[in-house]
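The values are calculated or read from the model by the stated rules, or taken from the named source; none is laboratory data. These figures come from a predicted structure and were not determined experimentally. Cβ sites come from the backbone with ideal geometry, for glycine too, and all protein chains shown count toward neighbours.
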Amino acid sequence: MAHQAGAQTAGDRRIGSVLIVGGGSAGWMTAAMLSHVLKEHCTITLIESDEIGTVGVGEATIPPIRTFNQTLGIDEREFVKATQGTFKLGIEFVNWGALGHRYFHPFGPHGRNFDMVALHHYWLRAREQGETAPLDDHAMAWALAKAGRFTPPVADQRHVLSTHDYAYHFDAGLYARYLRGFAEARGVRRIEGKIAGVNLRGTDGFVESVTMEGGQVVEAELFIDCSGFRGLLIEGALQTGYDDWSHWLPCDRAVAMPCENVGEPTPYTRSTAQEAGWQWRIPLQHRTGNGYVYCSAHMPDDRAADLLAQRIDGRALGAPRPLRFTAGRRRLHWNRNVVAVGLSSGFLEPLESTSIHLIQANISKLMALFPTRDFDPATRDEFNRIATTEMERIRDFIILHYKLTQRDDTELWRYVAAMEVPDSLQLKLDHFRRHGRLIAREMDLFGPPSWLSVHIGQNNFPEGLDPLIDYRGIDARPWLAQLRAAMVAEAHKAPTHQQFIDQHCKAPAMDGAV
């Protein structure tokens, strides 16, 4: 029996029914937002199968996730508790620029500009004059992270504690479960089962319905493809096509393995560059997430799993979980009446924790460009333009980490150091190398502070500074020293990360948690 949309009058052009294909973080984030925005005016259905696993390794996030949760009216402490979450002030990168080197990508800027010439130029000038304090020491997020402490930023813009930001580490499966409860309480209907076929409309090739394995036909006007890498609708039915970016991002495998916590959780993610890729470490309340992202051309699967098992901090809580992918994107994120959200729209390795953000980004764009039943091509085209641009900007930022390596100890690192990069990235590299300038472009998810942290962290020092600095006559060394001292003092007043969690959002113990 078909699932029919609510009654509509002839002049009503509103979408009356939405079908979300697939659950996991992508499906339930979409369902939660649609049910929050559309309320009772639209029938929202989600199909998922308990037999089909989700990728579920995306446990680290970036600050915009806070906006998503706030839009839904979710209480932060309740959410952190429900997802075994911890707080994240940034990412520590180990062995990326060179073996033995490490740096921090903070959430928030390095200090705050005190002159029309950007702060990092004054730091670079101080460095020329013998200053040895690293750039990291001028970021409030690092002052807290280094001390193992956490406190939210304050609203007073005059205070040094207003200069950092934060995100979360959480269990992606628990987040999906949490949002499922949110969405179902607002009328989203879940259907358990697998889809056997997708039915296209003869007149225009739009998706008309899907047929379940048991024969049930489910109709809708708008379809959201959250079916993961396979892209059941966007690719399987509509054959949209895929742009392969593996010549810039050659890692095509990952293996994940959780382990027991050892010590208190760090308020940051760690990414350690390895022989044929990199290893993540993500602390949660009930376990630590670990994984090795690698290039199969340079590392056999069994060897990658063995190396990961040797390098985790605590006792393994599960067998290695393999994952295969190809870096790239669908040629269209929105094709006909299907919008791809999550892995169905493309994949970028989680080096900068953008997987959940890209789910959020396509949901946000759908809310900003929600269609009528006419499916205006101009609306679809603008969605695709923005989605493609944002994904390419993130792609460039991830490529930057590989391109700036000085490592030559293995074949992978020699390849990425020598490879040609997209023109859009080369432009930014050229500007920074000449004058230390951070060029921003439309839809840049990562702003100048993020790009600065990677450039300097991986020893890409500019040949010259902003010419204006020579007109200013400012010796910034005393000011920078005061800034560092203020950050250290405030960090040591803050509670430890564990103390903050225990006081505000301690999750219940989970037996045999993985």
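Inside the range 271-287, can you point out the residues that are of a type in the set (D, E, K, R) and closer than 20 Å to LEU249 by Cβ?
Just the residues of the range 271-287 that are of a type in the set (D, E, K, R), to begin with: 275, 281, 287.
Within the range 271-287, GLU275 is the sole residue that qualifies.
For the range 356-373, does any single residue satisfy the condition of being touching a Lys or Arg at 6+ places or on another chain (Cβ under 7 Å) and either of a type in the set (Phe, Trp, Tyr) or not in a loop (DSSP other than H, G, I, E, B) (or both)?
In the first step, residues of the range 356-373 are kept if they are touching a Lys or Arg at 6+ places or on another chain (Cβ under 7 Å); the result is 372-373.
Those left that are additionally either of a type in the set (Phe, Trp, Tyr) or not in a loop (DSSP other than H, G, I, E, B) (or both): 372.
Within the range 356-373 (the criterion being touching a Lys or Arg at 6+ places or on another chain (Cβ under 7 Å) and either of a type in the set (Phe, Trp, Tyr) or not in a loop (DSSP other than H, G, I, E, B) (or both)), the answer is yes, since at least one residue qualifies.
The criterion of at least 1 residues that are farther than 30 Å from LEU366 by Cβ is met, among strands (runs of 3 or more DSSP E) falling completely within the range 50-154, by 90-94, 102-106. Just one of PHE107, PHE93, PHE68 is outside the structural domain of PRO267 (by TED's automatic domain parsing), at pLDDT 95 or above and touching a Ser or Thr at 6+ places or on another chain (Cβ under 6 Å); which is it? Only one candidate qualifies: PHE93.
Within the set GLU235, GLU260, the sole residue that is out of contact with any strand residue (DSSP E or B) (no Cβ under 6 Å at 6 or more places or on another chain), farther than 21 Å from GLY342 by Cβ and among the charged types (D, E, K, R) turns out to be GLU260. Pairing each residue of the range 20-48 that is at positive phi with any residue that is acidic (Asp, Glu) and not in a helix (DSSP H, G or I), provided the two are 6+ apart or on different chains, yields C-beta distances under 9 Å for GLY22/GLU48; GLY22/ASP225; GLY24/GLU48. Comparison of THR379, THR326 shows that the only residue that is over 22 Å from ARG253 (Cα atoms), modelled with pLDDT of 95 or more and of a type in the set (Val, Ile, Thr) is THR379. Remark: pairs (first residue in the range 415-426, over 23 Å from HIS298 (Cα atoms) and charged (D, E, K, R); second residue assigned to a loop (DSSP other than H, G, I, E, B) and modelled with pLDDT of 95 or more; Cβ separation under 6 Å; 6+ apart in sequence or on different chains) are absent.
Yes/no matrix, rows are residues, columns are (1) outside the structural domain of GLU48 (by TED's automatic domain parsing); (2) β-branched (Val, Ile, Thr); (3) more than 18 Å from ASP50 (Cα to Cα):
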residue: TYR178; (1), (2), (3): no, no, no
residue: GLY187; (1), (2), (3): no, no, yes
residue: ALA196; (1), (2), (3): no, no, no
residue: GLU208; (1), (2), (3): no, no, yes
residue: VAL218; (1), (2), (3): no, yes, yes
residue: GLU221; (1), (2), (3): no, no, yes
residue: ARG230; (1), (2), (3): no, no, no
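In the condition set (1) at pLDDT 95 or above; (2) closer than 24 Å to GLY231 by Cβ; (3) under 25 Å from the mean Cα position of the chain (by Cα), GLY24 is compliant with all but (1).
Within the range 211-247, the set of residues being over 15 Å from LEU332 (Cβ atoms) and assigned to a helix (DSSP H, G or I) comprises GLY228, PHE229, ARG230, LEU232.
Quick one: count up the residues across the range 248-271 that are within 19 Å of PHE229 (Cα to Cα) and not in a strand (DSSP E or B).
Let us first name the residues in the range 248-271 that are within 19 Å of PHE229 (Cα to Cα), namely 249-256.
Now drop any that are not not in a strand (DSSP E or B), which leaves 249-252.
Number of matching residues: 4.
For the range 489-499, how many residues meet the condition of being surrounded by fewer than 16 Cβ atoms within 10 Å (Cβ to Cβ) and assigned to a helix (DSSP H, G or I)? Total satisfying the criteria: 4. With the condition kept exactly as written, say whether any residue in the range 133-155 is surrounded by fewer than 22 Cβ atoms within 10 Å (Cβ to Cβ) and more than 27 Å from the chain's Cα centre (by Cα). Yes, there is a match, as at least one residue in the range 133-155 is surrounded by fewer than 22 Cβ atoms within 10 Å (Cβ to Cβ) and more than 27 Å from the chain's Cα centre (by Cα).
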